[in-house]
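A.B. asks: Here it is: the structure, laid out below.
What follows draws every value from the coordinates through simple rules; no lab data is involved. Everything numeric in this text was worked out from a predicted model, so none of it was measured. Note that we place each Cβ from the backbone using ideal geometry, even for glycine, and neighbour counts take in every protein chain shown.
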Amino acid sequence: MKPKLEVEIGNLHLQNPVMTASGTFGYGREYENFVDLQTLGAIIVKGISLEPRPGNPPPRIVETSCGMLNAIGLENVGLKRFIKEKMVALRRYHTSVIVNILGNTIEDYCHLCEQLSDVNGVSAIEVNISCPNVKKGGVAFGTDAKIVYQITGAIRKKTDLPLIIKLSPNVTDITLMARAAEEGGADAISLINTLLGLAIDVKTKKPKLANVVGGLSGPAIKPVALRMVWQTANAVNVPVIGIGGISSTRDAIEFLLAGASAIQVGTANFINPAVTGEIVTGIHDYLRDNDIKSVSELVGSVILPED
């Protein structure tokens with residue numbers, strides 16, 4: 001019997017649990033010569049803001065042990081150009097398209113959701129709440145549970161599309177943020193976004209990134225991400241999407257066992273552009289080889305020590 005790879009994220013149906021992480025897969029077409037986009041569960045495009053963003057000055061990427069630091073600065077083409085140019089190309093594929101959005105005010109997020117809700121081909125919205133809230137003095141939306149609840153609730157009123165809230169790991173208790181997002185009306189929660197990090201050039205004694213600090217991603221953060229996914233999956237009733245250092249089928253299976261209903265592949269795309277397709281095949285083969293009928297049987301099935 002052929003294993004069932006389909007998953008449900010709220011009312012979003014995916015043909016398999018493998019997605020691309022925002023910011024690591026461009027707008028999808030950049031990878032079409034390396035992986036069959038039709039085979040993926042979903043393409044999550046790089047974060048979209050109301051107006052185009054040039055990003056931070058270079059250097060913006062630094063390789064680290066088992067990962068990388070990036071301070072791209074959320075560079076993107078802006079909402080109008082995304083709808084006019086990028087979505088036209090993405091509609092050619094039957095793969096679900098999830099749009100990651102970002103803003104500096106709650107009003108920014110609400111306007112983005114209103115505009116995207118009417119765009120043909122957009123399957124869901126993922127909300128990056130690691131952005132600074134300019135009305136609160138630059139404090140990131142995702143570090144305050146009250147603001148997480150407020151922004152999720154405000155966005156929820158503006159769209160009927162499945163709503164995924166992407167959480168920052170740079171907090172004391174990830175479950176507080178997850179519950180706030182769930183109570184605000186999120187259909188699913190994705191985590192983790194990057195951890196804050198710093199790299200210094202010992203010859204020049206200067207930071208290696210022009211922005212000084214950047215987001216740490218890659219295999220180095222996987223244990224932290226896996227722990228937070230497990231904690232969150234046990235704290236909320238909505239689906240959890242695991243992100244953080246997933247580079248292989250084995251990694252993806254670990255996240256599913258920890259409670260993730262689906263996963264996103266990020267930094268690994270830069271190392272092996274075909275990795276997402278390989279993981280789809282790998283999950284299928286794992287299920288087949290272990291006589292598991294459906295990928296949903298794996299979700300949260302980690303066997304913990306007895307008390």
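A.B. asks: Express as a percent, rounded to the nearest 5, the fraction of DSSP beta bridges in the stretch 28-142 (both residues included) that run antiparallel.
C.D. replies: Working: 7 of 17 bridges.
Around 40 percent of the beta bridges assigned by DSSP in the stretch 28-142 are antiparallel ones.
A.B. asks: Also: Residue by residue through the stretch 98-110, which ³J(HN,Hα) values in whole Hz follow from phi under the Karplus form 6.51 cos²θ - 1.76 cosθ + 1.60 (θ = phi - 60°), with glycine and proline marked x?
C.D. replies: In residue order, the calculated couplings are 10, 9, 7, 10, 8, x, 9, 9, 4, 4, 4, 4, 5 Hz.
A.B. asks: I've got another one for you. Note down the magnitude of the dipole of the chain about its Cα centre, charges +1 on Lys and Arg C-beta and -1 on Asp and Glu C-beta and zero elsewhere, to the nearest 20 debye.
C.D. replies: It works out to roughly 1020 debye.
A.B. asks: Would you order 35, 88, 240 from fewest to most other beta-carbon atoms within 10 Å of each residue's own beta-carbon? Numbers along the way, then the final one.
C.D. replies: Working: 35 20, 88 12, 240 29.
In increasing order of surrounding Cβ atoms, one gets 88, 35, 240.
A.B. asks: Let me ask something else. Hey, fewest Cβ within 10 Å first, where do 86, 146 land in order?
C.D. replies: By the 10 Å Cβ count, ascending, the order reads 146, 86.
A.B. asks: So what's the chain giving for Cα Rg divided by 2.2 N^0.38 Å, two decimals?
C.D. replies: Dividing the Cα Rg of the chain by 2.2 N^0.38 Å gives 0.95.
A.B. asks: Restricting to bridges with both residues inside the chain, how much of the DSSP beta-bridge set is antiparallel, in percent to the nearest 5? Let's see the in-between values first.
C.D. replies: On the way: 19 of 47 bridges.
So the antiparallel bridges amount to about 40 percent of the total.
A.B. asks: Turning to a different aspect of this structure: Give, rounded to the nearest 20 debye, the magnitude of the charge dipole that the stretch 36-155 has about its Cα centre when Lys and Arg contribute +1 at Cβ and Asp and Glu contribute -1 at Cβ.
C.D. replies: Details: 12 positive and 11 negative charges, 35 e Å.
Its charge dipole is roughly 160 debye.
A.B. asks: Can you give the longest stretch of the chain with no exposed loop site, where a site means GluC sites (Glu not before Pro) in a DSSP loop (not H, G, I, E or B) with at most 16 other C-beta atoms within 10 Å?
C.D. replies: That gives 76-305 as the longest site-free run.
A.B. asks: Given H placed on each backbone N at 1.01 Å, which residues far from residue 190 in sequence or on other chains put an amide H within less than 5 Å of it?
C.D. replies: Here 165, 166, 167, 241 satisfy the definition.
A.B. asks: Divide by every residue of the chain the summed helix terms, -39500 (n - 2.57) for each DSSP H run of at least 4, and state the resulting mean residue ellipticity at 222 nm, rounded to the nearest 500 deg cm²/dmol.
C.D. replies: -7500 deg cm²/dmol
A.B. asks: FRET efficiency for residue 61 and residue 85, Cβ-Cβ distance as r, R0 = 22 Å, nearest 0.05?
C.D. replies: Efficiency for this residue pair is about 0.30.
A.B. asks: Any idea what the relative contact order of the stretch 137-209 is, in percent, if you count C-alpha pairs under 8 Å spaced at least 6 apart?
C.D. replies: Reported as a whole number, the value is 31 percent.
A.B. asks: Explain nothing, just the number: dipole magnitude of the stretch 155-227 about its Cα centre with +1 on each Lys and Arg Cβ and -1 on each Asp and Glu Cβ, in debye rounded to the nearest 20.
C.D. replies: 420
A.B. asks: A follow-up question, please. Scan around residue 4 for amide H atoms under 5 Å from its own, H built in the peptide plane at 1.01 Å from N, and keep only partners 5 or more places away or cross-chain.
C.D. replies: Distant-sequence amide H within range of residue 4: 294, 295.
A.B. asks: Using θ = phi - 60° and the Karplus form 6.51 cos²θ - 1.76 cosθ + 1.60, what ³J(HN,Hα) does each residue of the stretch 169-186 get, whole Hz, x for Gly and Pro?
C.D. replies: For the stretch 169-186, the Karplus curve yields x, 7, 9, 6, 10, 5, 5, 5, 5, 5, 5, 5, 5, 4, 5, x, x, 5 Hz.
A.B. asks: Through the Karplus equation 6.51 cos²θ - 1.76 cosθ + 1.60, θ set to phi - 60°, convert the phi angles of the stretch 260-276 into ³J(HN,Hα) values in whole Hz; use x for Gly and Pro.
C.D. replies: Couplings: 6, 7, 7, 9, 10, 9, x, 3, 4, 4, 6, 7, 9, x, 9, 4, 4 Hz.
A.B. asks: Under 5 Å between amide H atoms, partner at least 5 residues away or on a different chain: which partners does residue 44 have, H built in plane at 1.01 Å?
C.D. replies: Placed amide hydrogens put 20, 98 under 5 Å from residue 44.
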